[in-house]
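*Asks:* One structure, as structure tokens, below. Some questions next.
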There are 2 protein chains.
Amino acid sequence: MADARNLRRAPARVRRSHAERTAETRARILAAVVDSIAEVGFHRTTAVEITRRAGVTWGAVQHHFGDKDGILVAVLEDTFGRFAARLESVAIDRMSLERRVVFFVERAFEHFTSREYVSTFEILLDHLRRKDPPSPDGARWQVQMLRAWDRVWRRFFGDATVPRKRQLLLQHYTVAVLTGLASTLLLEAGERALPREELALLEATLVRELAQAG
Amino acid sequence: MADARNLRRAPARVRRSHAERTAETRARILAAVVDSIAEVGFHRTTAVEITRRAGVTWGAVQHHFGDKDGILVAVLEDTFGRFAARLESVAIDRMSLERRVVFFVERAFEHFTSREYVSTFEILLDHLRRKDPPSPDGARWQVQMLRAWDRVWRRFFGDATVPRKRQLLLQHYTVAVLTGLASTLLLEAGERALPREELALLEATLVRELAQAG
DNA sequence: TCATTTCCATAATGCACGCAATGGAAATGT
DNA sequence: ACATTTCCATTGCGTGCATTATGGAAATGA
């Protein structure tokens, strides 16, 4: 499912298969939701706002996702899938530990400051505090995400001579630092330069920790 | 303004001054907003939800805060004021650097996982993404908060022989780590044990950084 | 070609939301 | 004591929200 963010409505009256139509419409709607949440926030991401951005009507949303909850869950699934795929397709040739750390931190930070993550964050924030916990427990996503992170982490740092338990801690710590940096950046209103020095401090910590023998 | 969270409606028909009434009602409403956001989330914190929790009607809110935006801003002001006061009243006698770091991290983490902070976080998250930026710019709060943090930081670590610039970096980093830990904790659904080891790693980093000469 | 299914726009409905308006009880102050 | 002000409950309103219902155009497949 390609990124359809900048697509405008097709010139109309083009013969396309159902599969094509469905793919584009779904992508367009999902992108609209992500953009809307990232720009105007979750609770202003209303039905009409979504349809306006997507250039479709609510009928389309209704057909593809059922109701609003359906889209939100779909955004979670789609974003997570894309994210996991991107993470696991990273070419990890023989780098030094330092370079791997830098590379990893860079990628991860990029992710946590992305619109996609911001959106999922707000969606989850809202979902896990409803009286009516839906069938797939909201906290499940967090678990899946951490698993995916863990796979990537092991590919990057699996050879470190540090106890597994310690590695999990470092992993959790890293995620915390990065999401924290991302959120402060977010609250500081809009896009600011990336916090190089803070990231450097994190990288130094990781290198030191991973280098030492278990 | 005392914490009125667990207060129930007074037995009615008690003679009280206007000042007393106002103080209690305001406190009750503010507490209701904080609790509501922390428990059911920002966008389910509706007018009736607030009045229900506070045990008052909308008329009271209207009288004391004007409109909904008024309460939210009031929550920001009140929470921040309380927080700053608490921070600056900490007795900082002669402790070792290690103990000061532990103490500081502990306090700060406590703050970032508090209901008050979660509430202000969500309020700010929503406010700074509206088309109509109100008179006091939303990002102003963040600045004020960081100033308050800075004052406390200097009281704790002002004697460190580390360049000021580096200290600001460490400060920012610390806030990021703590908010990050708090938010992952939040997303992991409900109250979990506090992440001792992650905090320990942060403390170790701070001690190492602050101990070295400029 | 024609029936069926998929896809989606249009229109209508019901509801919850924030808010304004009003009035009255309680406190104030003169 | 009485006018004034403060405090807050009640009521009602307009709007925007999510959602349903319906119909028709386009694609499918026989």
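*Asks:* Run the simple label-point estimate for B:ALA85 and A:SER89 please: 7 Å along Cα→C-beta, distance reported in nm.
*Replies:* Placing both labels 7 Å along Cα→Cβ, they lie 5.6 nm apart.
*Asks:* Helix B:115-127 against the longest principal axis of chain B: what's the angle in degrees, Cα atoms only, rounded to the nearest 10?
*Replies:* 80
*Asks:* Order the following by accessible area, largest value first: B:SER96, B:SER36, B:SER114. Probe radius 1.4 Å; ligands, DNA and RNA are ignored.
*Replies:* Of B:SER96, B:SER36, B:SER114, the descending order of accessible area is B:SER96, B:SER114, B:SER36.
*Asks:* With all protein chains present, calculate the accessible area of B:ASP69 using a 1.4 Å probe and round the result to the nearest 10 Å².
*Replies:* The accessible area comes out at roughly 50 Å².
*Asks:* Is there a quick way to get the dipole size of the protein assembly as shown? I mean about its Cα centre, with the Cβ of Lys and Arg at +1 and of Asp and Glu at -1; what is the value in debye to the nearest 20? If you can, show how the numbers build up before the last one.
*Replies:* Details: 68 positive and 56 negative charges, 118 e Å.
That gives the protein assembly as shown a dipole magnitude of about 560 debye.
*Asks:* Students sometimes get this wrong: rank B:THR184, B:THR161 by accessible area, probe 1.4 Å, all chains present, largest first.
*Replies:* If we order B:THR184, B:THR161 from most to least accessible, we get B:THR161, B:THR184.
*Asks:* Could I ask something else about it? Where does the protein assembly as shown land at 222 nm, in deg cm²/dmol rounded to the nearest 500, when only DSSP H runs of n ≥ 4 count, each adding -39500 (n - 2.57), divided by all residues?
*Replies:* -23000 deg cm²/dmol
*Asks:* Just read off the accessible area of A:MET95 with the full protein assembly in place, 1.4 Å probe, to the nearest 10 Å².
*Replies:* Rounded to the nearest 10, the figure is 40 Å².
*Asks:* Another question, then. Over all distinct Cα pairs, what is the inverse of the mean 1/r for the protein assembly as shown, reported as the Kirkwood hydrodynamic radius in Å?
*Replies:* 23.9
*Asks:* To the nearest 0.05, what FRET efficiency results for B:GLU98 and A:HIS64 with a Förster distance of 56 Å applied to their C-beta separation?
*Replies:* Step by step, r from the Cβ atoms, then E = 0.45.
*Asks:* Let me ask something else about it. For A:LEU194 and A:ALA213 in the same chain, what is the full-extension length gain: residue separation times 0.36 nm, less their Cα-Cα distance, in nm? Write down the numbers at each step before the final one.
*Replies:* On the way: separation 19, 0.36 × 19 = 6.84 nm, distance 3.21 nm.
Length gained, A:LEU194 through A:ALA213: 3.6 nm.
*Asks:* Okay, moving on. On a 1.4 Å probe surface of the protein chains, which of B:ILE37, B:ILE92 comes out largest in accessible area, and what is the full order? Please list the in-between numbers first.
*Replies:* On the way: B:ILE37 0, B:ILE92 45 Å².
Ranked list, largest accessible area first: B:ILE92, B:ILE37.
*Asks:* Considering chain A, what Rg and Dmax in Å follow from its alpha-carbon atoms?
*Replies:* That works out to 19.6, 66 Å for Rg and Dmax.
*Asks:* Let me ask you something else. List the distances, in nm to one decimal, from the label point of B:ARG86 to the label points of the same position in every other copy, shortest first, placing each label point 7 Å from Cα along the Cα-to-Cβ direction.
*Replies:* Counterpart label points of B:ARG86 in the remaining copies fall at 3.7 nm.
*Asks:* Could I ask something else about it? Take segment A:14-66, drop everything but the C-alpha atoms, weight them equally and run the Debye formula without solvent; then report log10 I(q)/I(0) at 0.16, 0.22 Å⁻¹ to two decimals.
*Replies:* -0.45, -0.76
*Asks:* Work from the charge dipole of the protein assembly as shown (Cβ charges, +1 for Lys and Arg, -1 for Asp and Glu, about the Cα centre) and give the residue of B:PHE156, B:LEU170, A:ALA60 farthest towards its positive end.
*Replies:* Among B:PHE156, B:LEU170, A:ALA60, the one farthest towards the positive end of the dipole of the protein assembly as shown is A:ALA60.
*Asks:* OK, next. Distances longer than 23 Å among the Cα atoms of segment A:93-211: what percent of all pairs is that?
*Replies:* Result: 37 percent of Cα pairs exceed 23 Å.
The values are calculated or read from the model by the stated rules, or taken from the named source; none is laboratory data. None of these values were measured; they are calculated from a predicted model. Here Cβ is always computed from backbone atoms with ideal geometry, including for glycine, and neighbour counts include all displayed protein chains. SASA here: full protein model, heavy atoms, side chains in, ligands and nucleic acids out. Shrake-Rupley method; radii C 1.70, N 1.55, O 1.52, S 1.80 Å.
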